[in-house]
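Have a look at the structure below before the remarks.
Just so it is clear, none of the values below were taken in a lab; they were calculated from the coordinates. Quantities reported herein were computed from a predicted structural model and do not represent experimental measurements. Neighbour counts run over all protein chains shown; Cβ positions are idealised from the backbone, glycine included.
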Amino acid sequence: MSRGREKKHRHYVYVIELARGVLYERKFQKANPHYNPEKPCVYVGMTGLTPQVRFERHKHGVKSNKFAEKYGVRLLPQLYEVYNPMPYEAAREMEVELAVSLREKGYGVWQG
């Protein structure tokens, strides 16, 4: 029984802090018209890997998001740890919910 439970709960949401240079990217600007400069810029994603492994893969260009690869600084676990791990469908939904929530708080957000 525990084996099936582990399999169901092996997905994660994660948040990567992005360098401020991302603010010069037109697509990023357009996606964040109400960005508060006092908040960080972030990338929100979901993965079947650990957030640490996924971040390293972004930085090395492995199935990476352009913004996460070029501007990724570090993980921000205080923004996502409470949710992990979770089943695949929950992670898909939480990725969107977390991105929307952070954007509403003034963060500059790119969601993968």
remark   = So, relative contact order of the chain in percent, Cα under 8 Å, 6 or more apart, is 44 percent
note = The helix 88-104 Cα axis meets the longest alpha-carbon principal axis of the chain at an angle in degrees, between 0 and 90 and rounded to 10, of 30 degrees
For the range 36-44, 3J(HN,Hα) per residue [Karplus equation, 6.51 cos²θ - 1.76 cosθ + 1.60, θ = phi - 60°, Hz, x = Gly/Pro] = 9, x, 7, 9, x, 9, 9, 10, 10
ask   = For Leu49 and Ala19, what does the FRET efficiency come to when R0 = 35 Å and r is the distance between their Cβ atoms, rounded to the nearest 0.05?
value = 0.95
ask   = Distance in nm between label sites at Val96 and Arg74, each 7 Å beyond Cα in the beta-carbon direction?
value = 3.2 nm
task = List, in order, the whole-Hz ³J(HN,Hα) value for each residue of the range 57-74 obtained from phi through the Karplus relation with A = 6.51, B = -1.76, C = 1.60 and θ = phi - 60°; use x for Gly and Pro.
result = 5, 4, 5, 9, x, 8, 6, 9, 7, 4, 5, 5, 5, 7, 10, x, 9, 6
